[in-house]
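Enquirer: My questions all concern the structure below.
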Amino acid sequence: MPPLHRCGSTRSLVLALLCLASSLALARNQHQPAAQDGVPGQFDYYLLSLSWSPTYCLTHPYDRAQCAGKGYGFVLHGLWPQYDSGGYPRDCADSPLAADAEALGETLYPSPNLVQHEWAEHGSCSGMDAMSYFRTADRATAVVRIPEVFEAPPTMLLMSSGQITSAFRTANPTLPEDSLTVICSRGELSEVRICLSRALVVRSCGRGVRSSCPAGPVQIRSTR
């Protein structure tokens, strides 16, 4: 822990305690993992995020590009550069999308707004131009096979995080033990995230990448 800053002489115990609390807060902030001011191309691995579209559309019905009766299941949310030590770079360069790159992105992501967001926040940190980044994201999605149980389920499913993980491991036997996480929101499946090397080979995740689901079964809404 950094040395405490001197707050000045005082006879008030209250002021002394406030000073100590302020110094401890500063120390905690200095240990937060960096998630900004990244340098393009300087990262360790990718986190591939596959979003379960019915859960997203439950809270974003106005996003008609993704949610207007499309019947999507898992969709590409993003391919995110990560640090092994935890955290990730973001907003690494201010480079607007060219028309051809934007058109390619719209064939891969479920909505134009997501294309713009993913390039600005994550793709700009990849060290690639936008066309190359989107092609890499396309190849990354082909690395992971979606289990049959998630292919257009007509009714709601109830599965635990462990069962979801097992389904992906059965469909992808080469997944390392700690290469996949399941993300839930309000007791519903939200995303599955898989860690990939820069060469797009499945690998163990870095520090701080973990599942966030309750212990019991979670809802998996149907695609219809």
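No value in this document is a laboratory result; all are computed from the given coordinates. Owing to the predicted nature of the structure, the values given are computational and were not obtained by experimental measurement. Here the Cβ is made from the backbone with ideal geometry for all residues, glycine too, and neighbour counts use every protein chain on show.
Enquirer: At what distance in nm do the modelled label points of residue 132 and residue 65 sit from each other, each positioned 7 Å from its Cα along Cα→Cβ?
Expert: My value for the distance between the label points is 2.5 nm.
Enquirer: Right, something else. What do you get for GluC sites (Glu not before Pro) in the range 71-171 restricted to DSSP loop and a cutoff of at most 16 other Cβ within 10 Å of the site's Cβ? Could you put the intermediate results ahead of the total?
Expert: Values: sites: 102, 106, 118, 121, 148, 151; in loops: 106, 151.
When the GluC sites (Glu not before Pro) of the range 71-171 are filtered for loop state and at most 16 Cβ neighbours within 10 Å, 106, 151 remain.
Enquirer: Restricting attention to the alpha-carbon atoms of the range 119-224, what are Rg (one decimal) and Dmax (integer), both in Å?
Expert: Rg and Dmax of the range 119-224, Cα atoms, are 15.0, 43 Å.
Enquirer: Ranking 39, 192 by Cβ neighbours within 10 Å, fewest first, what do you get? Please list the in-between numbers first.
Expert: Working: 39 11, 192 26.
Starting with the residue having the fewest Cβ neighbours, the order is 39, 192.
Enquirer: Relative to the present Cα-Cα distance, how much length would full extension add between residue 100 and residue 215 at 0.36 nm per residue of separation?
Expert: Details: separation 115, 0.36 × 115 = 41.40 nm, distance 4.46 nm.
Between residue 100 and residue 215, full extension yields an extra 36.9 nm.
Enquirer: Give me the tail of P(r) for the range 34-190 as a percent: Cα-Cα pairs with distance above 22 Å. Mind dumping the intermediate values first?
Expert: Numbers: 5653 of 12246 pairs.
Roughly 46 percent, once rounded to a whole number.
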